[in-house]
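**Q** Okay, here's the structure, questions in a sec.
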Amino acid sequence: MANTIVVGAQWGDEGKGKIIDALTESVDYVVRTQGGNNAGHTVYVNGSQYVLHLIPSGILNPRATCVIGNGVVVDPLGLKQEIEGLQKLGVNIDGRLYISERAHVVMPYHKELDAFREAVKGTKQIGTTKRGIGPAYGDKVARVGIRILDLVKQDRFATLLKQRISENNEALKRLGGEPISYQETLAAYQEAADFLRPMVTNTVMLLYKARKEKAEILFEGAQGTFLDIDHGTYPFVTSSNTTSGGASAGSGVPPTVMDRVVGVMKAYTTRVGGGPLPSHDDGLSDMLHGLGREFGATTGRPRRCGWFDGVIARYASILNGIDELAITNLDGLDNIETIQAVERYEDQETGVSYDYVPGDVELLERLKPVMKTFPGWMTSTENAKCWDDLPENARTYLKWIESFTEAKLKIVSIGPRREQTIFM
Ligand code: IMP
């Protein structure tokens, strides 16, 4: 039995949804602790592909109860739609999904402000998903947010909404935007509130009771380590703590009961949106896009692709305390003669060498990655069933990642299907 935190070790889109699905067989509770519907976890339900944005991927395991923790920002309209979408596919949600009363609510003005704030950034755009995530967390920290517990109290919500809409409409007017309608927002949010009300509870006590009954809990990270508001490539980050430390704050489950951290990383690196990607490679990007791979699950945008970055991966291992590694998308490298990976960065102006990720993104953008090369395996890995089925060159490459990141390699994923997962 173990309480497990799963984190993305790069810039998101590491394939966490599939790994979580593979890990949840024995799990009783799956908890989202940060982010909102900017996340997109691709899962397969009865043969159909489905993208989850707010609901933990564990919902597909009928024995698991799912929790949207206090650290998440919830778009109630999006959540209602997502639940209805799953119900249409035959997934039973009844009594299996709980929402923290303390989670904050994403409002229509957050989405508008997200778009306007991004527009004035010109070439320095973060590439936000425009789901209102940054402004919603901004209101939370500024102590003017609306929480789920406010949303489900009709009169209180109506009063709060009136105040917040009038303040935010002033801000939108100054930015040249259209005012948000109070009546329309009230009606839509109250309909969603009626739908969600039975799921709202004190999730700290729910999870405490679960722990008393020796339940196994999995904390499902969204986005990735380098999108973390504190440790990522600021300001090109999301607005929450995507690293393992965020799991406790975002759920109210203390660090003392966490047993292991699983870090998910691709066998190469991708990034969607703005900000540095030191190992970026146009040839690799073109090749992967040509194979129909690496398009964003939430926005459909093509992801920028680069070689595996050992500096990034090692720093993620240090930051998150990664015990176990899950390496995904190995099959994306199946047809490459010479594979590269970053070993360190060098500042060519000063000659200084870096084995960690500096906090200054301007410096990071200037650093030159120093590459190591590996002979490719030039054969399909997608039908491998165990470690020994993998080509020797692939095993050498994976072993290097394992030793460089000082974490134990536990899972290798070689395709989207459940059976394309090798457990060590
Ligand atoms: P926001 O969280 O929508 O404001 O986006 C901030 C940055 O994080 C942008 O570069 C997004 O592309 C990126 N981002 C947000 N969510 C995800 C995700 O789930 N996967 C990958 N990138 C993400």
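The values are calculated or read from the model by the stated rules, or taken from the named source; none is laboratory data. All values reported here derive from a predicted model rather than from experimental measurement. Reconstructed Cβ throughout: ideal geometry from the backbone, glycine too, with neighbour counts over all protein chains shown. When the accessible area is computed, the model is the full protein with side chains, heavy atoms only, and any ligands, DNA or RNA have been set aside. Shrake-Rupley method; radii C 1.70, N 1.55, O 1.52, S 1.80 Å.
**Q** For the structure I just gave you, tell me whether LYS385 is surrounded by fewer than 17 Cβ atoms within 10 Å (Cβ to Cβ), assigned by TED's automatic domain parsing to the domain that holds LEU277 and basic (Lys, Arg). Break it down stepwise before answering.
**A** Values: surrounded by fewer than 17 Cβ atoms within 10 Å (Cβ to Cβ): yes; assigned by TED's automatic domain parsing to the domain that holds LEU277: yes; basic (Lys, Arg): yes.
Considered against the rule, which asks whether it is surrounded by fewer than 17 Cβ atoms within 10 Å (Cβ to Cβ), assigned by TED's automatic domain parsing to the domain that holds LEU277 and basic (Lys, Arg), LYS385 comes out as yes.
**Q** Another one. Can you list residue pairs whose Cβ atoms sit under 8 Å apart, with the first residue in the stretch 88-117 being within 23 Å of VAL31 (Cβ to Cβ) and at pLDDT below 95 and the second being among the acidic types (Asp, Glu) and surrounded by 19 or more Cβ atoms within 10 Å (Cβ to Cβ)? Count only pairs 6 or more apart in sequence or on different chains.
**A** Qualifying pairs under 8 Å: none.
**Q** Within the stretch 243-281, restricting attention to residues that are open to solvent by less than 10 Å² (accessible area, probe 1.4 Å) and near the ligand (Cβ under 9 Å from one of its atoms), which residue is farthest from ALA136 (Cα to Cα)?
**A** Across the stretch 243-281, the extreme among qualifying residues is THR270.
**Q** OK, next. Go through the stretch 347-424 and tell me which strands (runs of 3 or more DSSP E), entirely inside it, have 3 or more residues that are over 22 Å from the mean Cα position of the chain (by Cα).
**A** Details: elements: 368-375, 408-413, 421-423.
Those strands (runs of 3 or more DSSP E) span 368-375.
**Q** Condition test on VAL73, is it open to solvent by less than 10 Å² (accessible area, probe 1.4 Å), away from the ligand (no atom under 16 Å from the Cβ) and not in a loop (DSSP other than H, G, I, E, B)? Please lay out each step first, then the result.
**A** On the way: open to solvent by less than 10 Å² (accessible area, probe 1.4 Å): yes; away from the ligand (no atom under 16 Å from the Cβ): no; not in a loop (DSSP other than H, G, I, E, B): yes.
Here the answer is no, as VAL73 does not meet what is asked.
**Q** Follow-up question, since we're still on this one. Could you tell me how many of the residues in the stretch 1-51 are open to solvent by 30 Å² or more (accessible area, probe 1.4 Å) and either near the ligand (Cβ under 10 Å from one of its atoms) or not assigned by TED's automatic domain parsing to the domain that holds TRP307 (or both)?
**A** Adding up the residues that qualify gives 1.
**Q** Return the pair list, or none, for Cβ contacts closer than 7 Å from residues in the stretch 173-196 that are more than 13 Å from ASP75 (Cβ to Cβ) to residues that are among the hydroxyl-bearing types (Ser, Thr, Tyr) and surrounded by 13 or more Cβ atoms within 10 Å (Cβ to Cβ), at least 6 apart or on different chains.
**A** From residues that are more than 13 Å from ASP75 (Cβ to Cβ), the pairs are ILE180/TYR109.
**Q** Kindly list, by first and then second residue, each pair from a residue in the stretch 365-377 that is assigned by TED's automatic domain parsing to the domain that holds ASP355 to a residue that is modelled with pLDDT under 95, limited to pairs with Cβ atoms under 6 Å and residues at least 6 apart or on different chains.
**A** Pairs found: LYS368/GLN348.
**Q** Here's another thing I want to ask about it. Of the residues in the stretch 118-132, how many are part of a helix (DSSP H, G or I) and either without any contact (Cβ under 8 Å) to a residue 24 or more places away in the chain or away from the ligand (no atom under 16 Å from the Cβ) (or both)?
**A** Taking the stretch 118-132 as the starting set, the residues that turn out to be part of a helix (DSSP H, G or I) are 118-119, 122-124.
Among the residues that remain, those that are also either without any contact (Cβ under 8 Å) to a residue 24 or more places away in the chain or away from the ligand (no atom under 16 Å from the Cβ) (or both) are: 118-119, 122-123.
So the answer is 4.
**Q** Is there any pair linking a residue in the stretch 204-224 that is polar (S, T, N, Q) to one that is assigned to a strand (DSSP E or B), with Cβ under 7 Å and at least six apart or on different chains, and which?
**A** Sorted first by the residue in the stretch 204-224, then by its partner, the pairs are GLN223/GLY8; GLN223/GLY35.
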